[in-house]
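Just below is one structure, and these are the notes that go with it.
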Amino acid sequence: MKQQLVVIGNGMAGMKAVEELLSAAPDKFEITVFGAEPYGNYNRIMLSPVLCGEKSIDDIIINDRQWYEDNHITLHAGPDKAVVNIDRTHKQVIAKDGTECHYDKLLIATGSNPFILPIPGHDLDGVIAFRDIFDVNKMLSYSESKRHAVVLGGGLLGLEAANGLVQRGMDVTVIHSNEILLNRQLDDTAGHLLQLELEKRGVKFKMSAKTTALIDNGEGHVCAAQFADGVELPCDLFVMAIGVRPNYKLAEAAGIHCERGIVVSDTLQTFDPSIYAVGECIQHRGDTFGLVAPLFEQAKVCANHLSGHGMAKYKTLPSATKLKVTGINLFSIGDFIGDEDSEIIKFSDPSAQVYKKIVIKNNGIIGVVLYGDTKDGAWYQSLLEQRTNIEEMREYLIFGQAYFG
Amino acid sequence: MTVETFEIPVKEVTDVQTIKTTCAYCGVGCGIQATVSHSQRTVAVKGDPEHPANFGRLCSKGSALAETLDLSSRLLEPQIYGRTASWDDALTLVASKFQQVIEEHGPEAVAFYGSGQLLTEDYYVANKLMKGFLGSGNMDTNSRLCMSSSVSGHKRAFGSDTVPNCYEDYEHTDLIVLVGSNTAWCHPVSFQRIRQAKENNPNLKVVVIDPRKTDSCDIADLHVPVKVGSDVALFNGLLAYLYQENALDQDYINQHTEGFDQAIQAAQLDAFNVATVAEKCRLAPHVVEIFYRWFKETNKTLTLYSQGVNQSSSGSDKVNAIINCHLATGRIGKEGAGPFSLTGQPNAMGGREVGGLATQLAEHMEFSEQDRDIVQRFWQSDNVTDKPGLPAVDLFDAVANGKIKAIWIMATNPVVSLPNADKVKQALQQCEFVVVSDCVAHTDTLDLAHVKLPAAGWSEKDGTVTNSERRISRQRALLPLAGNAKPDWWIITQVARKMGFENAFPYETPADVFREHARFSGFENSPEQRLRSFNISGLAEITDEQYQSFPPTQWPIVSSDALQDINNFENTKRLFAEGGFFTPTRKAKFVAVEHRAPQNAPDADWPLILNTGRLRDQWHTMTRTGLSARLNQHKPEPFVEITPADAQANGLEQGQLALIESQWGKMLARVTVTDRIAQGEIFVPMHWTAQFSSHSRMGGVVNPVVDPVSFQPESKHTPVRISAFSAAWHGFILSRHPLVLDGIDYVVLTKGNGYFRYELAGKRDVKNWQGHLAYQLKPYSGELDWQTFQDQTKKVFRTACFHEGELQAVLITGPDSHLPEREWIGSLFDPARETELEADERMALLTGKPPLGTPDVGKIVCACFNVGAKTIENAIKDGKLTTPQDVGKCCKAGTNCGSCVPEIKEIISAVNS
């Protein structure tokens, strides 16, 4: 008789783990998946192109319902099927609508929640996050009838949202608390180049700004945003894109050890040996996650253990960032600022929209920022991951792999 | 008030014209066929197939003459104290100032310093004014630096300054001995002719006697790497050997010579056997033996020599040691046999003919009472000088110590070319009155002039020149005079007239001057009166038309029958085969000579010997060749050749900068480690000036030592020391516009195709490169965009700037001399290409390498066709080529002047090994 595997979360991390498991040990488990969204599994990181109109929802579906059927996976999808309780004693999960399901192994992949800044007016209509298809649809409908959008957060998601809304014809201002856009991925030069480029495309910016309140139009809908410097911007749509928080409530309620996320070992096992967790909901060796690459790596390791091979260990590597705005290429990985022991190689050609920076320590790459010309990003990443000694390559390193053919 | 309008008559000029003229460079004196478009002011040159010096060949320098005609670097208006002046004001000032100095201090206080670049007509007028009317012998020329030892040697042996042989002898000889002559680079067309002769005549052997293994060794059957300055011992040894072996022509000696006994005694005393010679000359005995045996066994022996013989404190003795061997074997003035001095400059010979050296009076006459009397009567002047003037080095010493107070320098650059050149510079700086006539606007010398006179350039000059084989050729104007420039003979004539000598200087055309010169050469020139070798009196009545169409002809031209049909005139190709020398006895004189070591010996403080010389693609101080991008590619920087052992001993590496110091001065040059030079010796090229380099003037280092007979400086032997120049950074800039780079220790400028190239190094970091460049480029380009590449830890800083997409400048710096190649970046400035770079080119710019897919031709080897080393390598690999001919067929390299053939051979052997 097959063991029962239950997966909570029909997102990218969870389904990646299932895919890996299916290929590693296709007959070991009977799999049941609970998802709060009423779709199959889709590629969340492609929501930006959907918002821009470059892709449709169908384009970004990874696994449709047919796939679940084909692989004999039971899918419980929709708001009613959100799991509300894990009964570790009886090894079962219970959904909002009462659906119960026994597990031998449980995989928690509940992802994260967008962080909502708790300012006055944050709960008004027209104040949304940018997290799922629901949010995208909402933005699309606003763009058809409304004029002013304000996006809070000059990070990857915020900029992608702003770009999409501009494409959809809205007047968009991005509010960023730092003076540099993407300050967790770019240094000031690259951030500045990016800002210039986005400004060319029509995005407005209010940098180093603090939002103090959102104003009610009298009907429970946002109509303006207020800032610490006294400025007030008209606002029909306010998108909060200031980061995510691991969604570990369910696990915590079930008594699984959590800190900033569900704490897992190098094998992605929680403190309960029957329960594994992957994705944005976890905390591994102090780190939490927001990019897709480590999630996939976690899924692989987790599947390796669930399948009984038990060989792999998860190790966090610096992961690369890309901005999904058509025509803007940027790449960032690792420690791109450096310290007094590191050395910096820089190439810049602002009028050609190119900037590159490599941070080196002990003759190895520890960080890279590429703007404009990112074709060597993957190569730098592999040099970084493999800790390649670049001493001999140094003169041409920044000009790319082509010079080392 | 009415304004009159004039109809300007349009002169009918056929726009495109073919004009025959003579090359501006070396003493080979190649004929050129120039196609001139007057409306475009463009000239295309090719070799004149009918000229007997070159039969259509041209070297890289000659081929590039048309690239040096740009007016941007020309001096176009007279200047007085830096301000533009009228000709009348400038000439009046020169005349009155010279007059004033003569009145106050006597004629010895003035001097002219001319050049082998002057035409014979220019020389004649200058010499006549100074020696005939101002009454001073102080008219010397830069020929002093290159030819005067040959002149002295000739005069001592033959009684006259006469070259006995002709170029045709290359094709008739069985042994060519090249002494102190890198013919491959310095007389490339002669070299090609010898190479061809060797191919046609399998018996022809070539011996190269040179301390360095130069490119001329490419065709050598034997290289004799003689110790610098020991040639006298080598040829004394040869004379003793020939005597010992009974290989002398006793009949010739008896009939046509004097002084053999003293000469052979001196020779035997100096070098009585091969072992002694080998020791004195630092040679392997068997090498000496082979050379001597070949010489002995080969009747048709031609000894070609140039600066390696002449530029020595025993230069005259070297010449006579060589001539002694030829006299003793009767091998002189015969088909394929004779001593043959190769002159360096296009008209060194013409200058010697008119008497343009301080040690000559005029027309092959000297300072005897008889000679002076002849000259006085011919010129109808009672003020002809009765004593020699000061030769170059002494002359500038006299400027330095204030004895000479007014000097007029014509068409030459002594601040660069003279030994102890820093002293020459100081001398001119403190001189009361310095006049310089030149065709370019800036030379190191011109920059010190009080009066600057714009002279006609090569393409505008009209007159005659004489090459190494006594052949007088016309140099014809291709283009009208640029700006307000005037011919030198005209300028001097006007000054003479303003000084009150209008009757003696009636010339209106160069033909007027030439006729007088021709007449003078025959004046009282007979065995009964005062017999002289130089005699062209047959041309005394030459008409303007005949002068215009005068074909290249060797002197002497005594009979006026020549003018009847000059084209069928029988040249006197060779002289002295049957004696007939110009000594009082009509016999040649053996000169007893003994080896003397160069004057300054190396010691512990100055352990190395500095040798100097020319490069293939440059001429003198680069005022012309420096303008041709093509010519600048071969050797774009001053370098110093040093053996691997000496390099190691002095802590030097290939490509590094070295500081070369002598007791007289210092210079910087890039190290080229080579085994082509002997241990203990180093070599630097002579060409770089302050116009092109900050600290690489060779002249400042060279010792001011001269030959006691010829007064020619010993430029081939100066004791020096060498050390690494430890720069904190190295770099280069290629810029579309000229830059001023003061305060940087090492700066060398080369003109590229569409750019100026600056090679740089410095001890102190430059803080704000972009600021410097932006400031300097602003007048040309306005606002700039910058691309930068920086690796601060490694001291790498590279930047490029653009104006509206057009590349303006590229700066590359690094911690050492291992910098990217310059060729590809340079090609991006090519005016013929799109100014905007392709995106991939722009991204690759600061690597110095083309983006993938664009071929990198490598360092330019063939300057004629612009073929790079990598192109040649690839052709060799792809086509499995083994000979330079194959390479030539494949990519044209080496098929024009052929002077890169040795390099192509090296590439072939490198690729195939």
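Throughout, read-outs are computed from the coordinates displayed, never taken from laboratory work. Fair warning: this is a prediction, and the values are worked out from it, not measured in the lab. Backbone-built Cβ (ideal geometry, glycine too); neighbour counts: all protein chains shown.
Antiparallel DSSP bridges in chain A: what percent, to the nearest 5?
Numbers: 45 of 82 bridges.
Roughly 55 percent of the DSSP beta bridges within chain A come out antiparallel.
Ratio of the protein assembly as shown's C-alpha Rg to 2.2 N^0.38 Å, to two decimals? Before the final figure, lay out each step's value.
Details: Rg = 43.1 Å, N = 1318, 2.2 N^0.38 = 33.7 Å.
It is 1.28.
Average partner chain C-beta neighbours within 10 Å, per residue of B:836-844? Don't skip to the answer; put the middle values down first.
On the way: counts 0, 1, 0, 3, 1, 0, 4, 10, 5.
Per residue, the number of nearby Cβ atoms from other chains is 3 on average.
From the Cα gyration tensor of the stretch A:130-175, with a ≥ b ≥ c the square roots of its eigenvalues, which class applies: rounded if a/c is under 1.5, or else prolate if a/b is larger than b/c, or else oblate? Can you show the working numbers first?
On the way: a/c = 1.99, a/b = 1.14, b/c = 1.74.
Judged from the Cα gyration tensor, the stretch A:130-175 comes out oblate (a/c at least 1.5, b/c at or above a/b).
Mind scanning A:105/A:322; A:357/B:794; B:213/B:889; B:318/B:587; B:403/B:425 and naming the pairs with a C-alpha gap bigger than 23 Å? Show your work: numbers first, answer last.
Details: A:105/A:322 35 Å; A:357/B:794 15 Å; B:213/B:889 28 Å; B:318/B:587 20 Å; B:403/B:425 16 Å.
Pairs exceeding 23 Å: A:105/A:322; B:213/B:889.
For B:91, B:852, what ranking results if the residue with the fewest other Cβ atoms within 10 Å of its Cβ goes first? Intermediate results must be reported in sequence, preceding the final value.
Numbers: B:91 25, B:852 11.
Ranked by crowding around the Cβ, least crowded first: B:852, B:91.
Kindly state, to the nearest 0.05, the FRET efficiency for residue B:544 paired with residue A:199, given R0 = 60 Å and r defined as their beta-carbon distance. Each step should come with its number before you reach the end.
Working: r = 77 Å, r/R0 = 1.28.
Taking R0 as 60 Å, the efficiency between residue B:544 and residue A:199 is 0.20.
Which pairs break 29 Å Cα to Cα here: A:206/A:356; A:206/A:375; B:751/B:778; B:486/B:751; B:198/B:589?
Details: A:206/A:356 26 Å; A:206/A:375 31 Å; B:751/B:778 20 Å; B:486/B:751 27 Å; B:198/B:589 33 Å.
The answer is A:206/A:375; B:198/B:589.
Would you compute the Debye intensity of chain B from its alpha-carbon atoms alone, equal scatterers and no solvent, and pass along log10 I(q)/I(0) at q = 0.05, 0.10 Å⁻¹ to two decimals?
-0.28, -1.18
Rounded to the nearest 5, what % of the DSSP beta bridges within the stretch A:127-240 are antiparallel ones?
Close to 35 percent.
With a/c under 1.5 counting as rounded, go ahead and sort the stretch B:148-341 into rounded, prolate or oblate using the C-alpha gyration tensor (a ≥ b ≥ c being the square roots of the eigenvalues; past the cut-off, prolate if a/b is larger than b/c, else oblate).
Working: a/c = 1.34, a/b = 1.18, b/c = 1.14.
In terms of gyration-tensor shape, rounded.
From the square roots a ≥ b ≥ c of the eigenvalues of the alpha-carbon gyration tensor of chain A, which class results: rounded (a/c under 1.5), prolate (a/b over b/c), or oblate? Can you show the working numbers first?
Numbers: a/c = 1.95, a/b = 1.17, b/c = 1.67.
Oblate, because a/c is 1.5 or more while a/b does not exceed b/c.
Among A:101, B:23, which comes first, then next, by fewest other beta-carbon atoms within 10 Å?
On the way: A:101 19, B:23 29.
Exposure proxy ranking, most exposed first: A:101, B:23.
With runs of 4+ DSSP H residues as the only contributors, calculate the mean residue ellipticity of chain A at 222 nm using -39,500 (n - 2.57) per run, divided by the residue total and rounded to the nearest 500. Kindly include the intermediate steps, with their values, before the conclusion.
Numbers: 11 runs with 100 residues, N = 405.
Helix contribution divided over all residues of chain A: -7000 deg cm²/dmol.
Could you list B:555, B:606 in order of exposure, starting from the residue whose Cβ has the fewest other Cβ atoms within 10 Å?
On the way: B:555 23, B:606 18.
Least to most surrounded, the residues fall as B:606, B:555.
Kindly state, to the nearest 0.05, the FRET efficiency for residue B:335 paired with residue B:273, given R0 = 41 Å and r defined as their beta-carbon distance.
Values: r = 32 Å, r/R0 = 0.79.
With a Förster radius of 41 Å, E is 0.80.
Roughly speaking, what is the stretch gain from residue B:203 to residue B:770, that is 0.36 nm per residue apart minus the C-alpha to C-alpha distance, in nm to one decimal? Spell out each step's value before the answer.
Details: separation 567, 0.36 × 567 = 204.12 nm, distance 6.31 nm.
Gain on extension, residue B:203 to residue B:770, equals 197.8 nm.
Out of the GluC sites (Glu not before Pro) in the stretch A:332-405, which ones are loop residues according to DSSP with at most 12 other C-beta atoms within 10 Å? Present the calculation step by step, with values, prior to reporting the outcome.
On the way: sites: A:340, A:343, A:385, A:391, A:392, A:395; in loops: A:340.
Filter output for the stretch A:332-405: A:340.
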